[in-house]
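Here is the structure we will look at, set down as structure tokens.
The values are calculated or read from the model by the stated rules, or taken from the named source; none is laboratory data. Just so it is clear, the structure is predicted and the values come from calculations on it, not from any experiment. Heads up, the Cβs are rebuilt from the backbone with ideal geometry, glycines too, and the neighbour counts pull from every protein chain shown.
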């Protein structure tokens with residue numbers, strides 16, 4: 001009788017330990033995925049930073065060239081102020097596009113990896129049948145892989161990665177274009193300052209007002225989420 005009680009206690013303890021191991025297995029799996037995700041994202045972020053630095057080199061060259069022009073007319077001073085304003089406004093667009101870009105690459109890689117993994121595990125499970133398969137770790141690995149492949153497949157569409165990257169880069173390039181226009185005006189490529197007539201100065205001021213208008217109308221930061229891209233079968237409350 002005593003042996004049976006000891007055996008029963010041992011079985012309960014063993015079952016408890018096995019359940020704890022299973023919980024730890026799932027916890028470790030998710031921890032590894034999270035760590036790998038952030039590691040991969042940081043890698044692509046560093047690659048984006050290198051690309052971003054090339055943009056900054058170009059901007060720095062343009063800025064130095066522009067300030068090397070010594071014209072001190074009221075219009076030139078105003079144009080240089082516009083140039084500075086645009087430099088501050090356009091920076092967040094490049095930063096936002098950079099962040100979306102790094103996440104987009106990370107999502108794509110993880111979606112591919114977990115889609116392949118869930119396909120392989122699903123094939124193995126189908127050979128035995130879900131009900132007949134007693135291997136908890138194989139089942140758990142399949143469910144985690146399937147969950148991750150679904151998550152990383154849906155998130156880029158919900159967050160609108162490609163759309164947000166494209167629109168923020170478009171805004172950044174738009175402001176680059178305005179700065180080149182400013183450089184052209186300060187360089188007096190159209191001869192407004194050289195002619196220095198009331199009509200030519202009025203024409204220059206109209207161009208300055210046009211740049212101000214473009215700054216005012218285009219300084220909203222682009223960020224959008226597309227909740228309608230969530231598949232209907234996994235939307236809550238539907």
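Residue-level check: of (1) under 27 Å from the mean Cα position of the chain (by Cα); (2) surrounded by fewer than 17 Cβ atoms within 10 Å (Cβ to Cβ), residue 97 misses just (2). Residues being within 24 Å of residue 31 (Cα to Cα) and in contact (Cβ under 8 Å) with a residue 24 or more places away in the chain are represented in region 159-174 by at least one member.
Set side by side, the residues 41, 19 differ, and just one is modelled with pLDDT of 85 or more and over 30 Å from residue 206 (Cβ atoms), which is 41. When residues in region 190-226 are screened for being modelled with pLDDT of 70 or more and closer than 30 Å to residue 153 by Cα, 2 of them pass.
Exactly one residue out of 36, 48, 71 is touching a helix residue (DSSP H, G or I) at 6+ places or on another chain (Cβ under 9 Å), modelled with pLDDT under 80 and surrounded by 13 or more Cβ atoms within 10 Å (Cβ to Cβ), and it is 71. Quick check on region 155-165. Is at least one of its residues surrounded by 13 or more Cβ atoms within 10 Å (Cβ to Cβ), at pLDDT below 90, over 28 Å from the mean Cα position of the chain (by Cα) and not in a helix (DSSP H, G or I)? Looking through region 155-165, none of the residues is surrounded by 13 or more Cβ atoms within 10 Å (Cβ to Cβ), at pLDDT below 90, over 28 Å from the mean Cα position of the chain (by Cα) and not in a helix (DSSP H, G or I). When 121, 151, 117, 133 are checked against the criterion of being over 14 Å from the mean Cα position of the chain (by Cα), surrounded by 15 or more Cβ atoms within 10 Å (Cβ to Cβ) and outside any helix (DSSP H, G or I), 133 stands alone in meeting it. Among the residues of region 166-210, those that are at positive phi and surrounded by fewer than 16 Cβ atoms within 10 Å (Cβ to Cβ) comprise 191, 196. Here residue 78 clears all of (1) at pLDDT below 90; (2) more than 30 Å from residue 146 (Cα to Cα); (3) surrounded by 12 or more Cβ atoms within 10 Å (Cβ to Cβ) except the condition numbered (1).
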